[in-house]
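Participant: Quick one: the structure is below, questions incoming.
The values are calculated or read from the model by the stated rules, or taken from the named source; none is laboratory data. These figures come from a predicted structure and were not determined experimentally. Don't worry about glycine lacking a Cβ; one is built from the backbone with ideal geometry, like all the others, and counts go over all protein chains shown.
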Amino acid sequence: MNPASAPAALKRELGVFGATMLGLGSIVGTGVFVSIGIAAGAAGPAVILSIALAALLAACNALSSAQLAAAYPVSGGAYEYGYRLLRPELGFTAGWMFLCAKSASAATAALGVAGYGLHLAGFDAGEALRWSGFIIAAAVTVLVLTGLRRSSAVNIVVVSVTVLALGAFAFIGLSRLSDPAAAEKFTPFFPEGGTITDVLYATALMFVAYTGYGRIATMSEEVVAPRRTIPRAIVATLVVSALLYMAVAVAAIGAVGSETLSGAAGGEATPLETAARALQFPGLAELVSIGAVTAMLGVLLNLVLGLSRVALAMGRRSDLPPALGRLTRASEPRAAIIFVGLAVAGIALIGDVKTTWGFSAFTVLIYYAVTNLAALRLPKDQRLYPSFIAWAGLFGCLLLAFFLPRTIWGPGIGLILGGLIWQFAAKRLWPSNNSQGDTRL
């Protein structure tokens, strides 16, 4: 194909409902089915407080993302905002962090699908977990290659099944809280010997679970009437997911306690299935497992979509190989999708959800720190919300990033430096391509 004959922009096909469902498909998955268990291991029952704090920080970041995406409705999210409103180095850092963070999150989702799916089929995960995750990541990449419209239709189906399963689990679990045995699992609320650092660490882990709304921003080049659609879709996504997370966390802790949840997350990536079995309601464990599989398939699908759009934007500016910045005649970023799919499938072979999720926490916090910083640079006539919201988001992201263990943020800083070295080399490997137009409405 002659690159000159390919279209320069993606098609606008997503309305409020489609964009909201993409956001929910990115949020209601790994975060609720896996990371609640991981965070409960750090904070105990106080993970409920961590979920609420993470929701508040996510709300600040969501509003910053919404007004930026409304002003600059192009693929790339904070990568593009950093370039346009800050400095190229900060824009690149945001894009680099997004690729690293969300590739790890996507791999976690693939492993989650594998863990719940193997359990549902009656197999022990074991060594099969890693290779199953690899195959699942590859299969979803093939689906994304068929186009946004088909991917969006599949996403609506899987999100609907997921919400049904989680609603049933939360309703049955909450109805059992009057049992004294369930109430005992919430005491002590803060683990013995625990500190505020543990709660903030869990908050950082749970914050990652909310950041799926950012998929709406990274795909804003494909949203109809972005200045109206994007803020509505992001706010709706965040409100629904926060309420659902709180209900599920309370029900899960009441069913098995925080220690059991944590153990299930680390062993075979199936904490909610373990909690559902403890409730001893006919068919509930199977329904939760089906919901988990569909949920994390949705997350994986949406992450591959979002990651490919960031890779597309970075390829357009020659921060990644320029071939990734090209579209097919059908307006699809095929090369970027294949690149992302291979990266996610490779990371899935690590086979450790705690490692992949903890790593993604630091990198995504840096990504959203850049987002908030860019929001502070918006001209007054383009702002939709007061500037203190962006300040709160910026401070919260930087604070939580360094409440993660040093074994996570230390290599994270090294990754940023490595990325900047790559950018320096890339600009000399390929001619600069900063011709991407300003498509603001």
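Participant: Given the options A330, A336, A343, name the one that is in contact (Cβ under 8 Å) with a residue 40 or more places away in the chain and buried (at least 17 other Cβ atoms within 10 Å of the Cβ).
Facilitator: Every option except A343 fails the conditions.
Participant: Return yes when T211 is within 17 Å of S50 (Cα to Cα) and touching a residue at least 40 places away in the same chain (Cβ under 8 Å) and no when it is not.
Facilitator: yes
Participant: State all residues of the stretch 158-196 that are more than 16 Å from A255 (Cα to Cα) and without any contact (Cβ under 8 Å) to a residue 24 or more places away in the chain; if no residue qualifies, say none.
Facilitator: Residues satisfying the conditions are S160, E192, G193, T195, I196.
Participant: Shifting gears a bit: In the stretch 160-209, what residues are outside any helix (DSSP H, G or I) and in contact with a helix residue (DSSP H, G or I) (Cβ under 7 Å, 6 or more places away or on another chain)?
Facilitator: Within the stretch 160-209, R176, L177, K185, F186, F189, F190, P191, G194 meet the criteria.
Participant: For residues in the stretch 299-322 being part of a helix (DSSP H, G or I) and not aliphatic (A, V, I, L, M), which is surrounded by the most Cβ atoms within 10 Å (Cβ to Cβ)?
Facilitator: Filtering the stretch 299-322 for residues that are part of a helix (DSSP H, G or I) and not aliphatic (A, V, I, L, M), the one surrounded by the most Cβ atoms within 10 Å (Cβ to Cβ) comes out as N302.
Participant: Is it the case that some residue within the stretch 366-388 is in contact with a Leu (Cβ under 8 Å, 6 or more places away or on another chain), charged (D, E, K, R), modelled with pLDDT of 80 or more and under 28 Å from A71 (Cα atoms)?
Facilitator: Yes, the conditions are met somewhere in the stretch 366-388.
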